[in-house]
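The values are calculated or read from the model by the stated rules, or taken from the named source; none is laboratory data. On a predicted model such as this, the values are computed, not experimentally measured, just so you know. Glycine gets a Cβ as well: all are built from the backbone with ideal geometry, and neighbour counts include every protein chain shown.
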Amino acid sequence: MKIQRLKIRLLGIILVALGTSCTEQNAISYTDYVNVFIGTGGHGHTFPGATYPHGMVQLSPDTRLPGWDACAGYYYDDNHIHGFTHTHLNGTGRGDYGDILFMPVVGEKPLQAGVDGHLGKEGYRSRFSHSNESARPGYYQVLLEDDSINVELTTTLRAGMHRYTYPLGRDNRLIVDMGPTIQNYEHPITEIEILNDSTISGMKFTDGWAKQHYVYFYAVFSTPFEYKLFADTTCVQGTSSISTHTAKALIEFHPSDNAGQSQQVIAKVGISSVDREGARKNVETEIPHWNFESVVKEADEVWNKELGRIKVETADATSRTIFYSSLYHTAIQPSLASDVDGRYRTMGQETRKDSSYVAYTVFSLWDTFRALHPLYTIIKPAFNQQLIKVLLRKYDEMGILPKWELASNETGTMIGYHAVSVIADAFMKGQCDFDTKKALEACVRSSVYDTAGINKAMNCSIKNVKVMPLDIKYKNEWGYIPCDKVKTETVSKGLEYAYNDWLIAQLACEMGDTLLYESYLKKGETYRIYFDFETKMMRARLSDGSWLTPFDPKAVERPGNYIEGNAWQWAWFVPHDVEGLIDLWGGKDAFAAGLDSLFTMNSDLTGDESAALDVTGMIGQYAHGNEPGHHVPYLYNHVGQYHKTQALVDSILYNLYRNEPDGLCGNEDVGQMSAWYVLSAMGLYPVCPGKPYYALGRPLFDKVVLHLENGKTLVIEAENNHRKNKYVSSVFFNGKPLTDMQLSHFNLMQGGTLKFLMKAGDE
């Protein structure tokens with residue numbers, strides 16, 4: 001196959017696909033601005049494959065399975081692909097998914113996945129190069145060089161579409177392997193059934209990060225085939241179905257009528273967490289035809305609509321690409337979990353049908369409460385409120401609000417109970433299209449140590465250790481978490497619980513429960529117990545109230561009293577009471593001096609090197625590559641040193657986000673890293689979700705236009721904007737000056753013009 005000819009054909013397909021969407025988006029194709037490869041290198045852990053906004057399917061190549069940088073299945077530095085799977089996670093620090101592998105091949109191949117191609121192990125894998133690879137939102141293409149097979153992928157909400165162009169019309173095959181799973185988790189049950197000469201279905205049950213993960217598929221091919229079924233590598237004859245630990249199918253397509261010429265095969269694949277019938281309905285409803293270009297076109301149009309919520313005007317093409325790539329990453333997950341017929345899998349692993357409800361999954365709440373959900377409250381509040389309904393439905397099913405939900409499983413990952421933040425932030429912004437009484441009940445329930453009533457289907461180690469940890473009992477009874485009673489993360493947990501409890505107080509106040517308000521307001525002040533006036537750090541205390549010694553504020557340890565960070569990075573996590581923290585420091589000058597030290601000291605870390613993998617994107621001891629400090633650059637606003645916030649935000653935007661595969665300085669974390677960029681590039685940031693205000697920083701673009709769901713338009717302008725003009729001389733909202741560098745959410749949602757006057761210098 002001539003590569004040049006292939007590229008010309010692909011270009012033609014893309015142009016056809018984009019023709020209508022460009023017109024419909026006023027000649028702007030926002031998808032042209034997206035680089036889906038950002039984050040696929042370094043430790044970003046993103047995937048480049050095809051997906052829909054918040055779609056059920058993430059159809060993407062896999063280049064490796066084991067190891068930390070395999071969390072999304074694809075790593076940019078690898079040079080082999082071992083297959084294409086239908087589910088992936090967006091930028092997590094732990095891996096799962098990578099379900100239902102399809103690998104087109106020519107001729108005989110070993111039936112073991114070559115999952116470690118970067119280490120030289122053999123298997124059904126193929127070399128590839130980035131020069132013969134392309135991708136955009138909703139579309140992915142690569143040439144498998146070993147067999148000269150061109151692979152193209154696209155998706156709808158619940159189904160994927162493959163197009164394979166084989167070099168010859170004979171001996172063209174497809175391996176379907178139910179075994180490979182990202183991070184090599186156990187899959188006790190896998191099944192494949194051949195339904196006819198062009199249709200197969202199957203299921204996979206995995207005991208992984210999600211302890212009970214079910215995925216079903218239904219696949220229809222454009223070309224008839226012959227088949228063989230395998231239990232691992234052992235051929236099982238005389239049957240059209242197989243149920244075993246590792247089910248595989250080897251499909252050989254009927255030869256093309258034009259022997260010696262290329263053969264094109266299309267596959268339509270529906271998936272479901274419910275059953276095979278759900279997968280069948282999903283694909284038959286969403287792809288009733290064989291027009292691959294039409295699906296590409298539809299995906300492009302949907303992504304253009306999603307990205308077109310925000311229009312930026314700038315001569316800086318690189319920053320524009322990073323912005324729209326970030327906005328793209330904020331719209332991948334949470335992902336749809338309801339079938340077209342309204343059925344979904346509950347947290348108790350039951351099937352329920354409810355056409356009035358839309359289920360979603362992948363809630364990385366410790367990450368996303370900070371900026372992702374606040375971003376949704378601006379650009380798509382209806383969707384955010386639907387997500388809150390999902391959290392409350394999961395509360396009904398599970399007996400407690402989720403912490404880190406995945407595939408209808410509670411993983412118990414990370415700390416706090418930050419569903420409270422998502423709920424309270426929306427509530428305090430007047431976005432209350434959910435059962436507010438139940439919401440308060442659920443928030444309180446999550447803050448009280450009590451394992452009774454939590455769904456018995458949940459893994460006991462998760463329920464008793466992670467979802468309802470003993471530290472909740474201590475924080476309620478003692479006011480703090482003693483580090484000799486609870487061995488890990490006591491300071492981080494204590495600070496986050498104080499914030500979460502303060503949020504509950506705000507909900508109680510708004511709903512007229514005075515006693516509850518007063519009780520939880522006091523709990524919100526318990527962060528003070530961890531503050532050491534001598535070191536100005538938040539420190540671990542023993543049962544007798546004394547400080548744990550020795551103390552090294554730069555130490556990152558696992559296990560330790562700080563999670564994914566050290567004392568310097570956790571010293572500032574009091575988003576709900578920054579003024580109170582300033583008082584503890586001894587006033588504004590001392591607080592500002594402390595911030596100066598944070599950002600200017602050396603970046604050396606001590607302690608556990610493996611624990612420090614998540615502490616990246618360093619400016620001094622500030623770590624932008626992880627979430628606990630994302631609000632910290634904006635704290636200078638609280639002491640009137642606005643220019644320092646503006647300089648720091650400018651530095652982070654330009655230096656820690658890049659238009660490269662390793663362009664993220666840490667895990668994408670299901671949209672949080674990108675949400676920080678989107679908001680900060682517009683000049684806004686929610687220092688404290690739950691307070692309906694945004695801190696103002698340094699806007700990156702000359703003009704930003706937000707088309708709000710309420711029909712209003714918000715325009716953000718930066719006059720005299722320039723790379724060197726990173727400081728704000730004055731700000732006006734609808735012609736009126738703002739003096740405190742913050743803007744109310746309610747004012748923002750009324751639309752109008754937010755105008756920044758920019759200047760050089762720091763005076």
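Hey, does the range 223-240 have a residue that's of a type in the set (Ser, Thr, Tyr), closer than 30 Å to Ser335 by Cβ, part of a strand (DSSP E or B) and modelled with pLDDT of 95 or more? Break it down stepwise before answering.
Going through the range 223-240, the residues of a type in the set (Ser, Thr, Tyr) turn out to be 223, 227, 233-234, 239-240.
Going one step further and asking which of them are closer than 30 Å to Ser335 by Cβ, we end up with none.
No: the range 223-240 contains no residue that is of a type in the set (Ser, Thr, Tyr), closer than 30 Å to Ser335 by Cβ, part of a strand (DSSP E or B) and modelled with pLDDT of 95 or more.
State yes or no: is Glu186 free of Cβ contacts under 8 Å to residues at least 24 places away in the same chain and surrounded by fewer than 21 Cβ atoms within 10 Å (Cβ to Cβ)?
On the way: free of Cβ contacts under 8 Å to residues at least 24 places away in the same chain: yes; surrounded by fewer than 21 Cβ atoms within 10 Å (Cβ to Cβ): yes.
Taking the combined requirement at face value, the residue satisfies it.
Tell me whether the range 505-513 contains one or more residues that are within 23 Å of Asp367 (Cα to Cα) and surrounded by fewer than 20 Cβ atoms within 10 Å (Cβ to Cβ). First the steps, then the outcome.
Going residue by residue through the range 505-513, those that are within 23 Å of Asp367 (Cα to Cα) are 505-507.
Retained after the next criterion (residues that are surrounded by fewer than 20 Cβ atoms within 10 Å (Cβ to Cβ)): none.
No; the residues of the range 505-513 include none that is within 23 Å of Asp367 (Cα to Cα) and surrounded by fewer than 20 Cβ atoms within 10 Å (Cβ to Cβ).
Do we have Thr488 as touching a residue at least 40 places away in the same chain (Cβ under 8 Å), of a type outside the set (Asp, Glu) and in the same structural domain as Trp547 (by TED's automatic domain parsing) here? Even if it seems obvious, please write down each step before you answer.
Numbers: touching a residue at least 40 places away in the same chain (Cβ under 8 Å): yes; of a type outside the set (Asp, Glu): yes; in the same structural domain as Trp547 (by TED's automatic domain parsing): yes.
It is true that Thr488 is touching a residue at least 40 places away in the same chain (Cβ under 8 Å), of a type outside the set (Asp, Glu) and in the same structural domain as Trp547 (by TED's automatic domain parsing).
Which one is surrounded by the most Cβ atoms within 10 Å (Cβ to Cβ) among residues in the range 714-758 that are part of a strand (DSSP E or B) and among the hydroxyl-bearing types (Ser, Thr, Tyr)? Let's see the steps before the verdict.
Just the residues of the range 714-758 that are part of a strand (DSSP E or B), to begin with: 714-719, 727-733, 736-738, 742-744, 752-758.
Within this subset, residues satisfying the condition of being among the hydroxyl-bearing types (Ser, Thr, Tyr) are 727, 729-730, 744, 753.
Working: Tyr727: 20, Ser729: 14, Ser730: 13, Ser744: 14, Thr753: 14.
Here the answer is Tyr727.
Of all residues in the range 532-560, which are in contact with a helix residue (DSSP H, G or I) (Cβ under 8 Å, 6 or more places away or on another chain), more than 24 Å from Asn602 (Cβ to Cβ) and among the aromatic types (Phe, Trp, Tyr)?
Phe533 - this is the single residue of the range 532-560 that is in contact with a helix residue (DSSP H, G or I) (Cβ under 8 Å, 6 or more places away or on another chain), more than 24 Å from Asn602 (Cβ to Cβ) and among the aromatic types (Phe, Trp, Tyr).
Just to check your reading of the model, which residue among Thr246, Thr239 is touching a residue at least 60 places away in the same chain (Cβ under 8 Å) and over 26 Å from Thr165 (Cβ atoms)?
On the way: Thr239 fails: touching a residue at least 60 places away in the same chain (Cβ under 8 Å).
Exactly one residue qualifies, and that residue is Thr246.
Please state which one of Leu174, Leu168 is in contact (Cβ under 8 Å) with a residue 24 or more places away in the chain, in a strand (DSSP E or B), assigned by TED's automatic domain parsing to the domain that holds Trp290 and farther than 30 Å from Thr368 by Cβ. It would help to see each step written out before you state the result.
Details: Leu168 fails: in a strand (DSSP E or B).
When all the criteria are applied, what remains is Leu174.
Would you point out which residue out of Lys403, Lys353, Lys380 is among the basic types (Lys, Arg), in the same structural domain as Cys665 (by TED's automatic domain parsing) and more than 29 Å from Tyr562 (Cβ to Cβ)? So that I can check it myself, show each step before the final result.
Working: Lys403 fails: more than 29 Å from Tyr562 (Cβ to Cβ); Lys353 fails: in the same structural domain as Cys665 (by TED's automatic domain parsing).
Testing whether each residue is among the basic types (Lys, Arg), in the same structural domain as Cys665 (by TED's automatic domain parsing) and more than 29 Å from Tyr562 (Cβ to Cβ) leaves just Lys380.
From the list Ser610, Ser519, pick out the single residue that is surrounded by fewer than 18 Cβ atoms within 10 Å (Cβ to Cβ), of a type in the set (Ser, Thr, Tyr) and under 28 Å from Cys509 (Cα atoms). Please lay out each step first, then the result.
Values: Ser610 fails: under 28 Å from Cys509 (Cα atoms).
The conditions single out Ser519.
May I ask you to say which residue of Asn455, Asn464 is surrounded by fewer than 20 Cβ atoms within 10 Å (Cβ to Cβ), over 24 Å from the mean Cα position of the chain (by Cα) and either not assigned by TED's automatic domain parsing to the domain that holds Gly399 or not in a loop (DSSP other than H, G, I, E, B) (or both)?
Going through Asn455, Asn464 in turn, the sole match is Asn464.
Which residues, counting only those in the range 177-200, are polar (S, T, N, Q), assigned to a strand (DSSP E or B) and more than 30 Å from Trp404 (Cα to Cα)?
Of the residues in the range 177-200, the ones polar (S, T, N, Q) are 181, 183-184, 190, 196, 198-199.
Subsequent filtering for residues that are assigned to a strand (DSSP E or B) retains 190, 196, 199.
Asn196, Thr199, listed by residue number.
How about the range 677-713: which of its residues are in contact with a helix residue (DSSP H, G or I) (Cβ under 6 Å, 6 or more places away or on another chain) and assigned to a strand (DSSP E or B)?
The answer is Tyr685, Ala695.
Could we say that Pro61 is touching a Lys or Arg at 6+ places or on another chain (Cβ under 9 Å), modelled with pLDDT of 95 or more and part of a strand (DSSP E or B) here?
On the way: touching a Lys or Arg at 6+ places or on another chain (Cβ under 9 Å): no; modelled with pLDDT of 95 or more: yes; part of a strand (DSSP E or B): yes.
Against the criterion (touching a Lys or Arg at 6+ places or on another chain (Cβ under 9 Å), modelled with pLDDT of 95 or more and part of a strand (DSSP E or B)), Pro61 does not qualify.
Among the helices (runs of 4 or more DSSP H) lying completely within the range 348-420, list those that include at least 1 residues that are within 16 Å of Ala442 (Cα to Cα). Spell out how you get there, then give the answer.
Details: elements: 365-368, 372-379, 381-398.
Helices (runs of 4 or more DSSP H) meeting the threshold: 365-368, 381-398.
So, of the residues in the range 548-566 that are in a loop (DSSP other than H, G, I, E, B) and of a type in the set (A, V, I, L, M), which turns out to be farthest from His624 (Cα to Cα)? I'd like the intermediate steps shown before the answer.
Within the range 548-566, the first condition is being in a loop (DSSP other than H, G, I, E, B), and the residues that meet it are 548-554, 557-566.
Now narrow it down to the ones that are of a type in the set (A, V, I, L, M): 548, 563.
Numbers: Leu548: 27, Ile563: 15 Å.
Taking the candidates together, the pick is Leu548.
Just checking, how many residues over the range 533-547 are part of a loop (DSSP other than H, G, I, E, B) and farther than 14 Å from Lys493 by Cα?
Within the range 533-547, the first condition is being part of a loop (DSSP other than H, G, I, E, B), and the residues that meet it are 533-536, 539-540, 542-546.
With the extra rule that they be farther than 14 Å from Lys493 by Cα, the set shrinks to 533-536, 542-546.
So the answer is 9.
Out of all the residues in the range 642-654, is one or more in a loop (DSSP other than H, G, I, E, B), modelled with pLDDT of 95 or more and either over 19 Å from the mean Cα position of the chain (by Cα) or of a type outside the set (S, T, N, Q) (or both)?
Quick first cut of the range 642-654, residues in a loop (DSSP other than H, G, I, E, B) only: none.
No - not one qualifying residue is present in the range 642-654.
Being among the hydrophobic types (A, V, I, L, M, F, W, C), assigned by TED's automatic domain parsing to the domain that holds Thr368 and touching a helix residue (DSSP H, G or I) at 6+ places or on another chain (Cβ under 6 Å): is that true of Leu664 here? Step through it out loud before you land on a result.
Details: among the hydrophobic types (A, V, I, L, M, F, W, C): yes; assigned by TED's automatic domain parsing to the domain that holds Thr368: yes; touching a helix residue (DSSP H, G or I) at 6+ places or on another chain (Cβ under 6 Å): yes.
Against the criterion (among the hydrophobic types (A, V, I, L, M, F, W, C), assigned by TED's automatic domain parsing to the domain that holds Thr368 and touching a helix residue (DSSP H, G or I) at 6+ places or on another chain (Cβ under 6 Å)), Leu664 qualifies.
For residues that are exposed (fewer than 12 other Cβ atoms within 10 Å of the Cβ) and farther than 19 Å from Glu108 by Cβ, scanning just the range 225-241, find the one that is nearest to the chain's Cα centre (by Cα).
Thr239
From the residues in the range 189-212 that are closer than 20 Å to Thr361 by Cβ and among the hydrophobic types (A, V, I, L, M, F, W, C), which one is surrounded by the fewest Cβ atoms within 10 Å (Cβ to Cβ)?
Looking at the filtered set, the residue picked out is Phe205.
In the range 601-618, what count of residues is obtained for those that are touching a strand residue (DSSP E or B) at 6+ places or on another chain (Cβ under 8 Å) and either assigned to a strand (DSSP E or B) or farther than 30 Å from Thr413 by Cα (or both)?
Summing the residues that are touching a strand residue (DSSP E or B) at 6+ places or on another chain (Cβ under 8 Å) and either assigned to a strand (DSSP E or B) or farther than 30 Å from Thr413 by Cα (or both) in the range 601-618 gives 2.
Run down Gly73, Gly91, Gly44 and say which single residue is more than 21 Å from Tyr185 (Cα to Cα), out of contact with any Pro (no Cβ under 7 Å at 6 or more places or on another chain) and of a type in the set (Gly, Ala, Ser).
Details: Gly73 fails: more than 21 Å from Tyr185 (Cα to Cα); Gly91 fails: more than 21 Å from Tyr185 (Cα to Cα).
Only one candidate qualifies: Gly44.
Kindly provide the set of residues from the range 567-600 that are surrounded by 15 or more Cβ atoms within 10 Å (Cβ to Cβ) and not in a helix (DSSP H, G or I), ordered by number.
Ala571, Trp572, Phe573, Val574
Which members of the range 243-288 meet the condition of being surrounded by 21 or more Cβ atoms within 10 Å (Cβ to Cβ), touching a helix residue (DSSP H, G or I) at 6+ places or on another chain (Cβ under 9 Å) and aliphatic (A, V, I, L, M)?
Of everything in the range 243-288, those that are surrounded by 21 or more Cβ atoms within 10 Å (Cβ to Cβ), touching a helix residue (DSSP H, G or I) at 6+ places or on another chain (Cβ under 9 Å) and aliphatic (A, V, I, L, M) turn out to be Val269, Ile271, Ile287.
Name the single residue that is surrounded by the most Cβ atoms within 10 Å (Cβ to Cβ) among those in the range 19-45 being modelled with pLDDT under 95 and not in a loop (DSSP other than H, G, I, E, B). First the steps, then the outcome.
The initial filter retains those residues of the range 19-45 that are modelled with pLDDT under 95, namely 19-28.
Next, only the ones that are not in a loop (DSSP other than H, G, I, E, B) stay: 19-24.
On the way: Gly19: 13, Thr20: 14, Ser21: 22, Cys22: 18, Thr23: 10, Glu24: 14.
Across the range 19-45, the extreme among qualifying residues is Ser21.
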